[in-house]
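S.K.: Provided herewith is a single structure, encoded as structure tokens, for subsequent inquiry.
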Amino acid sequence: MKSLISTFMLLSILSFAGIAAAEPVASAVEIKTLANPSEPVAQAVAVVAEVAAPAAVPAPAANKGDTAWMIVATVLVILMVIPGLALFYGGMVRAKNMLSILMQVFVIFSLTAVLWAIYGYSVAFTEGGAFFGGFDKLFLKGITPDSLAATFSKGVYVPEYIYVAFQLTFSAITPALIIGAFAERVKFSAILLFTIIWFSFSYLPLAHMVWYWAGPDAYTDAAAAEKAGATAGFLFQKGALDFAGGTVVHINAGIAGLVGCLMIGKRIGFKKESLAPHSVTMTMIGASLLWVGWFGFNVGSNLEANGLAALVFVNTLLAAAAATLGWVFAEWLLRGKPSMLGGASGAVAGLVAITPACGWAGPMGAILLGLVAGVVCFWSVTSLKSKLGYDDSLDAFGVHGIGGILGALGTAVVASPALGGTGVWDYVSNSVADYSMTGQLVSQSWGVIVAVVWSGVVSYVAYKFVDIVIGLRVTEEVEREGLDVSSHGETAYHL
């Protein structure tokens, strides 16, 4: 019997030791306490209490997957500006002005990048008034590798530096879009001075009005939401939806372009001699790069690599494809032949229109919006421009202005859950809010009207100032010679 009891005790001890070896550290501490029954009870209780104590809440940290995606998205947007937009615009001008367009886009990108770091980011994305941010982050002061920027999910962050860089690319492409309206006839120095003024007083305020808010974590309850909402930008408070820049980028740039081409006047030979594109091949390459880069533009605006990002990707793809078809078939029907220039322009029109809606539309809504944008923008660059008689050289207003307005207003329609949209998220209830298409259309109208008026007024004043200080337009002799040689002392081609 003693032998049997000894064997049983030995097996029990070995089993217990095996369990102890397999358990995590917390269990090992418990075993230590049980293995020393001679220790005072108080000490055993203290050890158990130490084990049972909850772990410290970890400090917020950037999500590595989201961060990696945002780096890629930022590179894609740079690609759509240089060389995408530069080639798209460059192919549509005459050969003697090709290099000047490349130079303008390249240097505008560089200029606004530096301005963004010095004061642009602070004015657009820090708390201030409803129309302008503050100066707390001038020269990117206070931002470190550990600084975080909120996304659209509670508790999810990306490094603030990559948010700064991503938004920089938006601020850089927007003034570059404007030059398409008055290509081939404006001084290089005038374009740069105009860019500084317009960037400071049109782009930055609109970016703050539309996109600045306290972030989702501030919306814990109704009272907190009301307090946080009061610090947001003016159009954010009005409920205007702009996922990736319909008002901030496209309407803003399109209206500035329209004001510019009206104030500067028509090109020499407009409707009297051929002003045809010198390389539709280059334009097609540029449009393709724009299309690819636009996935960074739209999908990156989600700030996270998740299911909604996938929806934005699909919407961006389908809207551009549908708009290409809409433009091509409208041109085919009315002019007898579909053109490559039309196809490229149609794709860009669809990308413009889906930009404000891409995070709220469903795939079928994206197709519908793209088809309408293709047809309407084709009409705007042919019939509307011809009837009003303005010389929007590369159709900056006809595609970006009209497409942006259409997309901003159309967002109210395609965002409706009844039509396959996602609706609008309520961060207090953590659910989709009750959706009113009429109410949202009013909010979208606020965004469109403010963007049109704000950009129009700032642009007019900026053009006037530049014209008084250094003059806007080149001489007739320079315009006939071409801006490549006269402004830059070199040519795009040596034949």
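Nothing in this text is a laboratory measurement; each read-out follows from the coordinates by a stated rule. The model shown is predicted, which means the values in this text are computed figures rather than measured ones. For neighbour counting, all protein chains shown are included, and Cβ atoms are generated from backbone atoms with ideal geometry for every residue, glycine included.
S.K.: Taking neighbour Cβ counts within 10 Å as the exposure measure, how do 327, 454 sort from fewest upward?
M.R.: On the way: 327 33, 454 20.
With the sparsest Cβ surroundings first, the list reads 454, 327.
S.K.: Is there a pair in 271/387; 271/385; 337/385; 96/387; 272/464 whose C-alpha atoms are over 23 Å apart, and which pairs would that be?
M.R.: Working: 271/387 13 Å; 271/385 12 Å; 337/385 20 Å; 96/387 29 Å; 272/464 28 Å.
Checking Cα-Cα distances, 96/387; 272/464 exceed 23 Å.
S.K.: Rg and Dmax in Å for the stretch 64-168, alpha carbons only: what are they?
M.R.: Rg and Dmax of the stretch 64-168, Cα atoms, are 16.7, 54 Å.
S.K.: Please work out whether the stretch 397-436 counts as rounded, prolate or oblate from its C-alpha gyration tensor, where a ≥ b ≥ c are the square roots of the eigenvalues and a/c under 1.5 means rounded, while otherwise a/b larger than b/c means prolate and anything else oblate?
M.R.: Details: a/c = 4.38, a/b = 2.48, b/c = 1.77.
Judged from the Cα gyration tensor, the stretch 397-436 comes out prolate (a/c at least 1.5, a/b above b/c).
S.K.: For the residues 94, 480, what sequence is obtained by ranking on other C-beta atoms within 10 Å, fewest first? Let's see the in-between values first.
M.R.: Working: 94 18, 480 12.
Ascending Cβ contact count within 10 Å gives the list 480, 94.
S.K.: Something else now. If R0 is 45 Å, what FRET efficiency do you get for residue 429 and residue 71 from their C-beta distance, rounded to 0.05?
M.R.: Working: r = 33 Å, r/R0 = 0.74.
With R0 = 45 Å, the Cβ-Cβ based efficiency is 0.85.
S.K.: Starting from the amide H of residue 157, placed 1.01 Å from N in the peptide plane, find each other amide H under 5 Å away whose residue is 5 or more places distant or on another chain.
M.R.: HN-HN under 5 Å from residue 157: 63.
S.K.: Where in the chain are the DSSP H helices whose C-alpha atoms run 27 Å or more along the long axis and whose mean Kyte hydropathy is at least -1.0? If you can, show how the numbers build up before the last one.
M.R.: Values: long enough: 2-22 (30 Å, 1.68); 160-178 (29 Å, 1.21); 280-299 (28 Å, 1.36); 307-335 (42 Å, 1.51); 437-469 (47 Å, 1.19).
The qualifying helices are 2-22, 160-178, 280-299, 307-335, 437-469.
S.K.: Could you point to the residue in 408, 361, 214 farthest towards the positive end of the chain's charge dipole, with +1 and -1 charges on the Cβ of Lys/Arg and Asp/Glu respectively?
M.R.: After comparing all options, I get 408.
S.K.: Just report the Cα centroid separation between the stretch 175-241 and the stretch 334-383, whole Å.
M.R.: 24 Å
S.K.: Can you list residues whose amide H is under 5 Å from residue 148's amide H, if they're 5+ apart or on another chain and H is modeled 1.01 Å from N?
M.R.: Placed amide hydrogens put 160 under 5 Å from residue 148.
S.K.: I've got another one for you. Using Rg and Dmax of the Cα atoms in Å as the read-out, say which of (i) 27.6, 119; (ii) 23.8, 80; (iii) 29.1, 119 was calculated from these coordinates.
M.R.: Looking at Rg and Dmax of the Cα atoms in Å for this model, the match is (iii).
S.K.: When a footprinting reagent is the concern and you count Cβ atoms within 10 Å, what order do 250, 278 take, fewest first?
M.R.: Working: 250 31, 278 18.
Ordered from fewest to most neighbouring Cβ atoms within 10 Å, 250, 278 come out as 278, 250.
S.K.: Sticking with this structure for a sec: Could you list which residues have their amide H under 5 Å from that of residue 426, counting only those 5 or more apart in sequence or on another chain, with H placed in the peptide plane?
M.R.: 431, 432, 433
S.K.: Can you figure out the FRET efficiency of residue 437 with residue 131, using R₀ = 35 Å and their beta-carbon distance, to the nearest 0.05?
M.R.: On the way: r = 28 Å, r/R0 = 0.79.
For residue 437 and residue 131, the calculated efficiency is 0.80.
S.K.: Shifting gears a bit: Between the stretch 258-281 and the stretch 103-128, what is the separation of their alpha carbon centroids in Å?
M.R.: Computed from Cα coordinates, the inter-centre distance equals 29 Å.
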